[in-house]
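These notes concern the structure reproduced below.
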Amino acid sequence: GYFGVGLFLLTALIVQQSTGWQWTLLTGLQGTGTNTYKLATGLGLLAFVLYQWRFSVKRAQGEQHKSATMMDHHKLFGALFPLFFFFHSQTLGYGYQKIFSLTMFLIFLTGLFNSQIVTIYKSWYRPAWISAHVGLSVALLLLMAYHVYINYAFK
């Protein structure tokens, strides 16, 4: 189920980005002078990312008995990423923000098209896939820290 949900949300976001359509109410909330909405949704995205990292941390700590349930939640929440992103920002941004946004979508895509969906039975595929997914996730943490710094250090 998560694959269909993720693919639908990705397709909807691609259509929204390519047509330039914006939800007027959301545009108003995202553009308010106080930035309260952006802060709240940004904290929501941070909580989302930290929740997703929880899976890796628990696995690294050896909590394999919860692994299957945690993996299901990790996949489902990951599939919902385009929705979280859309409510925070209706555009990919410019400069570093575009790199930040595209990194998030590459993580989403590597997660969506994981080694269980893409059945490649080569010995190199799973290690390459997990390295890309986790490596991009580490880069995302650095980009998030930079994003927070840029947005609040100069205001």
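Data overview
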read-out	value
Theoretical ellipticity at 222 nm over the chain - DSSP helices of four or more residues, -39500 (n - 2.57) apiece, nearest 500	-25000 deg cm²/dmol
With every protein chain in place, segment 56-155: carbon and sulfur % of accessible area (1.4 Å)	70
Span-rule helices in the chain, defined as complete DSSP H runs reaching 15 Å or more along the axis (Cα) with Kyte mean at least 1.0	2-19, 96-112
From the coordinates shown, semi-axes √(5λ) of the Cα gyration tensor in Å corresponds to which of (i) 29, 18, 15; (ii) 31, 16, 15; (iii) 33, 18, 15	(i)
Å² per residue, accessible surface of the chain at 1.4 Å	61
Estimated dipole of the chain in Debye, rounded to 20 [Cβ of Lys and Arg +1, of Asp and Glu -1, Cα centre]	220
TRP23 accessible area, 1.4 Å probe, all protein chains in place, Å² to nearest 10	100
Solvent exposure, largest accessible area first (probe 1.4 Å, DNA, RNA and ligands not counted), of ILE130, ILE99	ILE99, ILE130
Sequence-distant lysines (8 or more away, or on other chains) whose Cα lies within less than 16 Å of LYS38	LYS155
Exposure of THR36 as accessible area (Å², to 10), given a probe of 1.4 Å and all protein chains	90
Efficiency of FRET between TYR121 and LEU7 - r from beta-carbon atoms, R0 22 angstrom, step 0.05	0.45
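The values are calculated or read from the model by the stated rules, or taken from the named source; none is laboratory data. Since we're looking at a predicted model, the values are computed, not measured. Cβ: placed from backbone, ideal geometry, glycine included. Neighbour counts: every protein chain shown. To get the accessible areas, we keep the full protein, side chains included, count just its heavy atoms, and leave off ligands, DNA and RNA. Shrake-Rupley method; radii C 1.70, N 1.55, O 1.52, S 1.80 Å.
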